[in-house]
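Worksheet: the structure to be examined is printed underneath.
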Amino acid sequence: MYPDVVAVCPRPESKATFTREPLIVVEVLSASTFKHDLSQKRRAYQSIPSLKAYLIVDQDEAWVEVTAAKRAAGGRRRWKGSTP
């Protein structure tokens with residue numbers, strides 16, 4: 001699986017396009033991928049020990065969902081429009 005955006009720390013020494021230890025993963029939903037991104041990909045990414053947050057951004061609606069890692073406090077939050 002390849003996310004749309006991934007954040008890692010520290011900065012990779014090479015120009016690798018794959019990491020086994022992401023801190024943040026971002027998926028941008030589209031009509032063709034949203035079911036997969038909201039189910040199988042979400043579960044797979046949340047099983048990664050290094051992951052702190054999984055963000056889902058809808059490209060057609062004004063909302064972002066942020067799911068904190070189970071190890072971190074916060075759970076799941078959704079922002080719609082310009083209201084935090």
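Look at the range 21-37: where a residue is of a type in the set (D, E, K, R) and a partner is surrounded by 17 or more Cβ atoms within 10 Å (Cβ to Cβ) and in a loop (DSSP other than H, G, I, E, B), sitting 6+ places away or on another chain with Cβ atoms under 7 Å, you get Glu27/Pro3.
Let's see how each residue does on (1) modelled with pLDDT of 85 or more; (2) touching a strand residue (DSSP E or B) at 6+ places or on another chain (Cβ under 6 Å):
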residue	(1), (2)
Ala31	yes, no
Lys35	yes, no
Tyr54	yes, yes
Val57	yes, yes
Glu61	no, no
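Scanning the range 10-38 for residues that are under 13 Å from Thr67 (Cα atoms) and not acidic (Asp, Glu) yields Leu23, Ile24, Val25, Val26, Leu38.
The values are calculated or read from the model by the stated rules, or taken from the named source; none is laboratory data. Treat the numbers as computed from the prediction; the structure is a model and nothing was measured. Counting neighbours? That spans all protein chains shown, and the Cβs are built from the backbone with ideal geometry, glycine included.
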